[in-house]
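Below is one structure; the comments refer to it alone.
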Amino acid sequence: MTITLIAAAAENNALGKDNQMVWHLPDDFKRFKKLTTGHCIIMGRKTLESMNGALPNRTNIVITRQKDYTYEGCTIVHSLDEALSACPQDEEVFVIGGGEIYKQAIDKADKVELTRVHTTVEADAYFPEIDTDKWELINEEYHPKDEKHKVDFTFRTFKKQNQ
């Protein structure tokens, strides 16, 4: 199993505020859809509830501490290990948020697909710091702001270095 964290975070690692993303980047959404479609995605309950339901054409696995929680189209689990066990062992699995789930998953991850949004915003959820001693930047693609994207952003792919 390859575990990939996928996120969009500001320069200060901000992910969002009040359970919402604070920017609208259509090309980031397209990339997210392209990378995650057909795969198992793992998220926290708050991330699920910030979306308009389970994402189509993916296996949606939701981590929550609430024992009786149910959500249509989702498999509900109560830990990251339980979530990983529910995914096919021979596939790439994507952890899609939020901040607490990323913190739990970063040490288990093999890859990070990070959209670095070139702004600084106030937030209440943050992506963990990427330790460059442990992670190697293997791809980078800069996108300047335009009529559809109010801020510059860069797609960055990091691979865990062999320890």
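The set of residues from the stretch 129-150 being free of Cβ contacts under 8 Å to residues at least 24 places away in the same chain, surrounded by 12 or more Cβ atoms within 10 Å (Cβ to Cβ) and farther than 16 Å from Leu114 by Cα comprises just one member, Lys145. Reported count of residues in the stretch 12-34, each being at pLDDT 95 or above and either polar (S, T, N, Q) or surrounded by fewer than 17 Cβ atoms within 10 Å (Cβ to Cβ) (or both), is 8. In the set (1) more than 23 Å from Lys108 (Cβ to Cβ); (2) at pLDDT 95 or above; (3) under 16 Å from the mean Cα position of the chain (by Cα); (4) not aromatic (Phe, Trp, Tyr), the condition left unmet by Gly73 is number (3). Exposed (fewer than 13 other Cβ atoms within 10 Å of the Cβ), on the phi < 0 side of the Ramachandran plot and not aliphatic (A, V, I, L, M) - does that describe any residue in the stretch 105-112? Taking every residue of the stretch 105-112 in turn, at least one turns out to be exposed (fewer than 13 other Cβ atoms within 10 Å of the Cβ), on the phi < 0 side of the Ramachandran plot and not aliphatic (A, V, I, L, M). The number of residues in the stretch 76-109 being assigned to a loop (DSSP other than H, G, I, E, B) and either within 22 Å of Lys160 (Cβ to Cβ) or modelled with pLDDT under 95 (or both) comes to 11.
Somewhere in the stretch 1-11, is a residue of a type outside the set (Lys, Arg) and at pLDDT below 95? Taking every residue of the stretch 1-11 in turn, none turns out to be of a type outside the set (Lys, Arg) and at pLDDT below 95. Any chance you could count how many residues in the stretch 99-115 are farther than 16 Å from Leu35 by Cβ and in contact with a Ser or Thr (Cβ under 8 Å, 6 or more places away or on another chain)? Residues meeting the conditions: 1. Within the stretch 75-98, the residues that satisfy the criterion of being in contact (Cβ under 8 Å) with a residue 12 or more places away in the chain, surrounded by fewer than 20 Cβ atoms within 10 Å (Cβ to Cβ) and closer than 15 Å to His39 by Cα are Thr75, Leu84, Ala86, Pro88, Gln89, Asp90, Glu91, Glu92.
The values are calculated or read from the model by the stated rules, or taken from the named source; none is laboratory data. If you're wondering where the values come from, they're calculated on a predicted model, not measured in any experiment. Note: ideal-geometry Cβ built from the backbone for every residue, glycine included; neighbour counts use all protein chains shown.
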